[in-house]
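Quick note: the coordinates plus some simple rules give every number you see, no bench work behind them. Nothing here was measured: the structure is a model prediction, and the numbers come from that model.
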Amino acid sequence: MSIIGRPNVGKSSLLNSICGNKRAIVSDISGTTTDSIDTYIKKEDKFWKIIDTAGIRRKKNVKYGTEFFGINRSFKSIDRSDICLLVLDAEDGVTEQDQKLAGRIEEQGRSCLIVINKWDLIEKDSSTIYSAEKKFRSKLYFLNWSKMIFISALTGKRVNDIFENAKSAIDQHRRRVTTSVVNEVIKEAITWRSPPTKRSGKQGRIYYGTQVKNQPPTFSLFVNDPKLFGSTYRRYIEKQFRMNLGFEGTPLIFLWRGKQRRSLDRDISKNNIELIQDD
């Protein structure tokens, strides 16, 4: 589990709150943590490695040296994590740098939990949390699959909720579904909304689909021509997968395979068989 975020959003305070003691230096001065710190703890009968990373600033503000290498290790910690906790400041909202970090997590295919820290500093009424979540999600729309929780690392409020949600997201990240289930979802999706048709009259067709890997869950969809499926319909298919199968907390990858690609795959397989026979 990597704790990712800008400087001074409370990453080290969160680590201390999780561990129940002072594992990291906490200061109002941004940039106190200059390297990634690995901490091992046991929560709910499971052992976790928690990585407190250096706060990541804009590239133009980073000088070559300790901070530069610390931030590089922070990016690498995303790659070696099962899940990233993207920590945001409840008062600051979503900044451009937060969006870039969220994009990095998605690009690397990591599961994610959005953690809104310093929630104790916000004046609240019965609708505050709903309007706040809507505001945060409007700027993190590409992480709409990630759950969002509101905590206070200082008081410890809802900090323990992190592990339950993180475990659920990791399970979904590692999850596999059978080909028959995948095709049931595709069949239902097509029934409700047919693939688009071009002006020439040619309509997209999805023949079948299958899950080819996990971490993150990746699906191959075999179609007559990938160019017939625009971004709107592709988003619709992903929405149907999530609606029917869940996968909350993890990105999904869809590989749209056309006839030419399938023929090429068959030719490569055939040639490999012939080479083996010759040997």
Practice task
Restricting things to alpha carbons, find the Rg to Rh ratio for segment 94-242 using the Kirkwood radius for Rh.
Solution key: 1.06
Completion exercise
Expressed as a percent, the portion of alpha-carbon pairs in segment 98-160 spaced more than 15 Å apart is 55 percent
Exercise for the section: Just check segment 144-226 against the gyration tensor rule for me: Cα atoms, a ≥ b ≥ c as the square roots of the eigenvalues, rounded for a/c under 1.5, and otherwise prolate or oblate depending on whether a/b exceeds b/c. Expected result: prolate
Practice task
Please go through the residue pairs Lys147/Lys259; Lys100/Lys239; Lys118/Lys139 and name each one whose alpha carbons sit more than 30 Å apart in this structure.
Solution key: Lys147/Lys259
